[in-house]
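Below is one structure, written out as structure tokens, with a few remarks after it.
The values are calculated or read from the model by the stated rules, or taken from the named source; none is laboratory data. Since this is a predicted model, take the numbers as computed values, not measurements. Cβ sites come from the backbone with ideal geometry, for glycine too, and all protein chains shown count toward neighbours. Surface accessibility is based on the protein's heavy atoms, side chains included, excluding ligands, DNA and RNA. Shrake-Rupley method; radii C 1.70, N 1.55, O 1.52, S 1.80 Å.
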Amino acid sequence: MLSDLEELEYGKIVQESLLPREPEKIEGYDIAYFHISATDLAGDYHDNVLLEDGRLAIVLGDVTGHGISASLAMAMAKGTFNYARDKNAEFPGELIDMLNTMFNKELKPKNKFMTLLSVVLTPETGEIVFDNAGQAYPCYYSAATQTSEEIKMPSMPLGAMKKRKKRGISRIMEPGDAFILYTDGIIESSAVNGEMYGYNRFYNKFTELMKANIDSAKAIKAIYDEVENYREPGPHADDITMIILRRKAYKKTST
């Protein structure tokens, strides 16, 4: 038993080394990540990289299940992400196509799937391109209207189909705009009476924080703290990952 526990601990260390220690720093933007595992070995995956042309690519994925099998699938996704980056693949579409082919060939026969959302930001223009494979919809905050909305992209998880339909959606981030990516562990956190934290509470809290101009790291902590106060005490039922990216508002200059 001690040997098994040691192997799990080593596995956790290796898996954590596959995730970025901190987000890439982009001038004019505020980015923060948060991740907590339900078990020693997680199935959530997030990553980011600066592409050769200066764009920022972000991915957030969630493998079905937990434990060793989920962590191995997550490691396969990490390897494919690095390969796509090194061969200068087109992000986000070609990256997700590569992941879909790999999951369909290697993991679909084992009934193992992964949802994944990829976002590419062009810092100079504020253009963002979303492409989705069954992951929860991003929540986008508009500073102009001070409201948030889902960016709806119906799609199938990676590997479910041999070929997927690309449904990229683009937006221009204006100063003060923000979006949050998340896995369903936070939505499904339940109170003692069994009621889930849910989408409405999550979106309302995110919107409230963005209206108050709270920075990304503090906003993520505030959301997580609210969930912790809401849910039944004890271990998490599922992994939780959140990513917030916000375009900084222009500072007013005094005359």
- Note on the structure: Of (1) in contact with a Phe, Trp or Tyr (Cβ under 9 Å, 6 or more places away or on another chain); (2) among the aliphatic types (A, V, I, L, M); (3) assigned to a helix (DSSP H, G or I), Ile96 satisfies every one except (1)
- The one condition Leu121 fails out of (1) open to solvent by 10 Å² or more (accessible area, probe 1.4 Å); (2) touching a residue at least 24 places away in the same chain (Cβ under 8 Å) is (1)
- Note on the structure: The residue that is nearest to Lys163 (Cα to Cα), considering only those in the range 116-145 that are small (Gly, Ala, Ser) and touching a Ser or Thr at 6+ places or on another chain (Cβ under 9 Å), is Ala133
- State which residue pairs qualify: first residue modelled with pLDDT of 95 or more and of a type in the set (Asp, Glu) and inside the range 81-100, second residue open to solvent by 10 Å² or more (accessible area, probe 1.4 Å) and part of a helix (DSSP H, G or I) in any location, beta carbons under 6 Å apart, and separation of 6 or more residues or different chains. none
- Only one residue in Ile151, Ile172, Ile180, Ile220 is within 24 Å of Val120 (Cα to Cα), aliphatic (A, V, I, L, M) and more than 17 Å from the chain's Cα centre (by Cα). Which one? Ile172
- Message: Just checking, does the range 164-180 include any residue being at pLDDT 90 or above and within 18 Å of Ala38 (Cα to Cα)?
- Response: no
- All positions within the range 124-133 that are open to solvent by less than 40 Å² (accessible area, probe 1.4 Å) and assigned to a loop (DSSP other than H, G, I, E, B): Gly126
- Given the conditions (1) touching a Gly at 6+ places or on another chain (Cβ under 7 Å); (2) in contact (Cβ under 8 Å) with a residue 24 or more places away in the chain; (3) of a type in the set (Gly, Ala, Ser), which single one is not true for Ser190? (1)
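When you look at Ala57, is it touching a residue at least 24 places away in the same chain (Cβ under 8 Å), assigned to a helix (DSSP H, G or I) and among the hydrophobic types (A, V, I, L, M, F, W, C), yes or no?
Considered against the rule, which asks whether it is touching a residue at least 24 places away in the same chain (Cβ under 8 Å), assigned to a helix (DSSP H, G or I) and among the hydrophobic types (A, V, I, L, M, F, W, C), Ala57 comes out as no.
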- Identify all residues within the range 78-132 that are within 17 Å of Gly43 (Cα to Cα) and among the acidic types (Asp, Glu); write none if there are none. Glu106
- Query: Hey, among the residues in the range 60-93 that are outside any helix (DSSP H, G or I) and out of contact with any Ser or Thr (no Cβ under 9 Å at 6 or more places or on another chain), which one's least open to solvent (accessible area, probe 1.4 Å)?
  - Reply: Ala89
- Matching residues, the range 137-167, being of a type in the set (A, V, I, L, M, F, W, C) and crowded, with 20+ Cβ neighbours inside 10 Å: Cys139, Leu158
- Query: Would you pick out the residues in the range 83-99 that are in contact with an Asp or Glu (Cβ under 7 Å, 6 or more places away or on another chain) and more than 14 Å from Gly61 (Cβ to Cβ)?
  - Reply: Asn88, Gly93
- Query: For the range 134-163, how many residues are at pLDDT 95 or above and not in a loop (DSSP other than H, G, I, E, B)?
  - Reply: 8
- If the Cβ limit is 6 Å and pairs must be 6+ apart or interchain, which residue in the range 210-227 that is over 13 Å from Ile180 (Cβ atoms) pairs with which residue that is of a type in the set (S, T, N, Q) and open to solvent by 60 Å² or more (accessible area, probe 1.4 Å)? Lys211/Gln146
